[in-house]
Amino acid sequence: MATPREIKKRIQAVGNTKKITKTMEMVSTAKAKKAVDRLNASKPYSDKLQEAIRTLASNATDVNHPLLKVPDSIHKVGILVITSNRGLCGGFNNNVIRLAVKTIEEYKQNGVEVDVTLMGKKAISTFKFNKMDFAEGLPGLEDNPVYEEAAQLANQYMDKFIEGEYDKVEIISTRYLNSAVQEAQIKKVLPLTLENTEEDSSSHGGGFI
């Protein structure tokens, strides 16, 4: 049986753990608010960009551009899976990874080759642990993403699509709906089609995280 002194120590330990947990919660709340503020601030730009792409896609019959070319059949797909570098975020990472694995398996069952790039330590560690193939592992997005890094990755995908290495490019990530609801979702980015842009415009403002 524990002595009064031991019980007192345990109570103090629980109190200390509670303080640490409360501090972590406050930090997480502040970071989440900053992320949402940045998301809302970028929405006008995102909306205008989607509008421009929709206009371009709707006039695709009059425009001859390789990014608008829809292949006759799908032989190889490039997939970018985006997760965080850390855990303690509920189903944020697990839902994305689960959707990615399901999507990859479906493509392979249909005889489609898949080239998977992972962004974020959680996706990389999960794929390695389960001995699942992937082409490249990249550092996850930091609190302040750098445009040049995103542009470099986007250019790589566009080049491979234009060269015919990929017939389709998709991003599997998390879509932010509100503070209580975020869902894993597949975003088809190439080829540029009117269908893809209409999906983006109708799906809660394109709030990808």
So, in segment 140-192, how many residues would count as being at pLDDT 75 or above, within 13 Å of the chain's Cα centre (by Cα), assigned to a strand (DSSP E or B) and not basic (Lys, Arg)?
10
Filter segment 107-139 for residues that are of a type in the set (Val, Ile, Thr) and assigned to a strand (DSSP E or B); the one that is nearest to the chain's Cα centre (by Cα) is 117
Restricting the search to segment 82-102, which residues are crowded, with 19+ Cβ neighbours inside 10 Å and either assigned to a helix (DSSP H, G or I) or touching a Ser or Thr at 6+ places or on another chain (Cβ under 7 Å) (or both)?
82, 93, 96, 97, 100
Given (1) under 30 Å from residue 25 (Cα atoms); (2) out of contact with any Leu (no Cβ under 9 Å at 6 or more places or on another chain); (3) at pLDDT below 85, number of the condition residue 123 does not satisfy:
(3)
Test residue 50 against the criterion of being part of a helix (DSSP H, G or I), modelled with pLDDT under 75 and at negative phi, and give yes or no.
yes
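Looking at 18, 8, 22, 31, which one is part of a helix (DSSP H, G or I), at pLDDT below 75 and basic (Lys, Arg)?
So the residue among 18, 8, 22, 31 that is part of a helix (DSSP H, G or I), at pLDDT below 75 and basic (Lys, Arg) is 31.
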For segment 26-46, pairs from a residue that is farther than 16 Å from residue 177 by Cα to a residue that is modelled with pLDDT under 75 and not in a helix (DSSP H, G or I), with Cβ under 7 Å and 6 or more apart or across chains, are 31/143
Based on what the data block shows, is residue 195 more than 22 Å from residue 54 (Cβ to Cβ) and either modelled with pLDDT under 80 or not in a strand (DSSP E or B) (or both)?
no
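The values are calculated or read from the model by the stated rules, or taken from the named source; none is laboratory data. Here the structure is a predicted model, which is why all the values come from computation and not from measurement. Neighbour counts run over all protein chains shown; Cβ positions are idealised from the backbone, glycine included.
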